[in-house]
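Have a look at the structure below before the remarks.
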Amino acid sequence: MRRRTRTRTRTGTGTAVALVLAALVSGCTIEPADGKSPSAGKGGDVLAVKVDNVAPARPQTGLDAADVVYAEQVEAGLSRLMAVFASRLPPVVGPVRSARETDLELLRQFDRPALAFSGAQSKLLPLIADAPLRALPPGKAPAGAYYRGGGKPAPHNLLVRPDALKVNPRPGALADAGFRFGPRPEGGTPQTTRTVRFPAARFTFTWVEYEGRWRIAMDGERARTSGGKELSASTVVVQYVKVRPSRFHDRSGSVSPFTETVGQGSASVLRDGRAYKARWKRPSAESGTEFTTADGRQLPFAKGQVWVVYAKA
């Protein structure tokens, strides 16, 4: 899965549950990133949206239209999603929440993406401003892009209208980031269910043969959109990575985890009711992520939505 060479310019790089949720929420205030306002209609091969994933935020809106959904660990062992749109933009996405340092490294493989997020910790803002992406939080995005609604309490009710962000999706950006799609390869082990656990969150993927997809459950509840559509994936990648403390923490003192997406390691790729042992490799932040079989062959994904869950190695 070698990427094509691109020329570009970069500017740099019960009660217990309530307490856990409060700890996460306390570090997610809306604080626009510094930097120049985006130029309408320029840049942004893809749109990435940081999506809330605690129970009060569900069901989410617009996730079914994403090409890729990343699941990453945040403070207190909870999870948050990054929805990447390269083919089409849904009318609304959300709830939108705050960015993390992990996102900056993760998104560099998509060239210069647009990032919709609610804000970030003040010490992280300079890194976001210097990152090779179009930062589009409230206050920097065009007027009318964000609004509160959906019948949920704040801060779980911030939604974004992607069309208002003036992004021009380009499906080819997925190939540049290492995604390859094709027929089911030989081998693999039959598997119909897989659960990935974070300290305070879990994802379960169940193969449904007659649908040809993996149904998704989060924290034991079947995942649906706000319109009632079941969330499902054609391919699920369980990517084993190093998760370490970052230099940032929220207002309650909980340290933000940093998920290392540059490097190499093992992975399990689920497609067509089978699990494939795989290796992943990403030599640099600018490189795409290459997935291969144990003997070094390219491992194609099934056509459709891909979920990538970053599990601790």
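Annotations
- Cα-centre dipole for region 255-313 with unit charges at Cβ (Lys and Arg positive, Asp and Glu negative), debye to 20: 200
- Label sites at residue 247 and residue 222, each approximated as a point 7 angstrom past Cα along Cα to Cβ, lie 4.7 nm apart.
- About the centre of its Cα atoms, region 140-185 shows a dipole size close to 60 debye [charges on the beta carbon of Lys, Arg (+1) and Asp, Glu (-1) only; nearest 20 debye].
- With Rh defined as the Kirkwood radius, the inverse of the mean 1/r over Cα pairs, the Rg/Rh of region 204-297 is 1.06.
- A simple spin-label model places the labels of residue 298 and residue 181 1.5 nm from each other, with each point 7 Å out along Cα-to-Cβ.
- Three-way shape label, region 61-115, alpha-carbon gyration tensor, a/c 1.5: oblate
- Each eigenvalue of the Cα gyration tensor of region 122-198, multiplied by 5 and square-rooted, gives one semi-axis; in descending order these are 34, 21, 16 Å.
- Per DSSP, loop chymotrypsin sites (Phe, Trp or Tyr not before Pro) in region 182-234 with at most 14 further Cβ within 10 Å: 210
- For region 161-244: accessible area per residue (Å², 1.4 Å): 50
- Euclidean distance between Cα centres, region 166-213 to region 267-281, Å: 9
The values are calculated or read from the model by the stated rules, or taken from the named source; none is laboratory data. Computed from a predicted structure; not experimentally measured. We place every Cβ from the backbone using ideal geometry, glycine too, and count neighbours over all the protein chains shown. Remember, those area values only see protein heavy atoms, side chains included, never the ligands or the DNA or RNA. Shrake-Rupley method; radii C 1.70, N 1.55, O 1.52, S 1.80 Å.
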